[in-house]
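Only one structure is covered here, and it is reproduced in the block below.
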Amino acid sequence: MLVQRPPAVVLLLLTLSVVSYNGCYQTSPDPAPQLTVDTLQRLLHDPDVVVRRTAAEALGKIGNPQVVPELVLALGDDAALVREASVWSLSGVGPLDSASRGRIAGLLVDPSPVVRAAAAQTLASLDTTKELWPAALSQLSHEDPEVRRVVIQAFQSINAPEAVGALEQLLYDPASQVRRAAVVTLAETGDSRVVELFRRLLSADPSADVRAEIAYRLQFFSGSEVSEGLSVAAGEDKNDQVRRWAEQSLTGLQVHGSGSTPQPIPQAAPAPSRRYP
């Protein structure tokens with residue numbers, strides 16, 4: 001005997017079969033009928049958590065800006081998978097006002113790690129992190145090191161003096177994952193003031209992962225002090241990975257030349273452990 005599905009769920013499944021050809025999330029809206037948009041918005045309040053999650057994903061694929069208020073409300077859903085889907089969908093539905101961005105920033109302290117990560121990556125993609133930085137400063141002292149790490153990740157595109165100052169302090173955070181995230185974000189500012197900090201920590205930080213990250217990042221700066229620090233690490237560091245990244249960065253400095261302007265940092269540089277030669 002055939003099971004009869006509610007018309008709303010049937011419409012949802014038909015919508016997904018159409019938008020799936022265009023990937024997970026898209027940067028331009030689909031010409032979806034208004035009835036479809038309205039139905040999907042209603043399904044964001046369905047008792048079934050899977051239906052709510054799927055509706056949030058489908059609205060992100062459609063990319064219609066009018067769905068922003070409903071997706072923002074879904075950021076408060078009891079289910080982490082619905083909150084996560086709603087965050088990702090908001091990254092592709094057009095410009096967001098400050099209140100909506102603030103709601104996303106609030107998820108940087110969400111109980112769910114996947115929601116925190118989604119919020120961090122979405123904020124970084126919105127290019128509005130400077131506006132939200134003051135509100136995020138308080139989260140940099142959160143007791144959970146993973147919260148501190150994702151807050152730093154969310155602000156990798158920021159280039160404000162107050163942000164740089166706060167991140168410099170996090171180079172001495174008790175948690176190695178936080179220190180490593182601070183290294184990445186500070187390096188991507190291209191601020192030459194961090195070179196001396198990096199050079200000192202390249203020999204002093206107790207974590208090999210942090211030292212390896214510093215060794216990798218220093219190749220995108222210039223100056224004799226950079227080469228000297230990398231040469232010491234290449235010859236004296238106790239960790240093989242750090243030594244080899246220092247050697248590779250020295251080679252990179254020779255390729256870039258010795259100009260006075262810091263070299264640009266690749267925006268999506270993989271972790272050194274994944275690019276290990």
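The values are calculated or read from the model by the stated rules, or taken from the named source; none is laboratory data. All figures in this text were calculated on a predicted structure; none of them were measured in a lab. All Cβ positions, glycine included, derive from the backbone under ideal geometry; neighbour counts span all protein chains shown. Accessible surface areas use protein heavy atoms only, side chains included; no ligands, DNA or RNA. Shrake-Rupley method; radii C 1.70, N 1.55, O 1.52, S 1.80 Å.
Observations
- Residue selected from the stretch 81-96 under the condition closer than 15 Å to Asn64 by Cα and open to solvent by 30 Å² or more (accessible area, probe 1.4 Å), by the criterion modelled with the lowest pLDDT: Gly94
- Test: Asp78 is open to solvent by 30 Å² or more (accessible area, probe 1.4 Å), at pLDDT below 90 and over 21 Å from the mean Cα position of the chain (by Cα): no
- Any hit, the stretch 170-181, residues being of a type in the set (Ser, Thr, Tyr) and not in a helix (DSSP H, G or I): yes
- Candidates in the stretch 194-211 are the residues that are of a type in the set (D, E, K, R) and either surrounded by fewer than 16 Cβ atoms within 10 Å (Cβ to Cβ) or under 23 Å from the mean Cα position of the chain (by Cα) (or both); of these, the one that is nearest to Glu225 (Cα to Cα) is Glu196.
- Checked across the stretch 36-56, the condition of being outside any helix (DSSP H, G or I) and at pLDDT below 90 holds for no residue.
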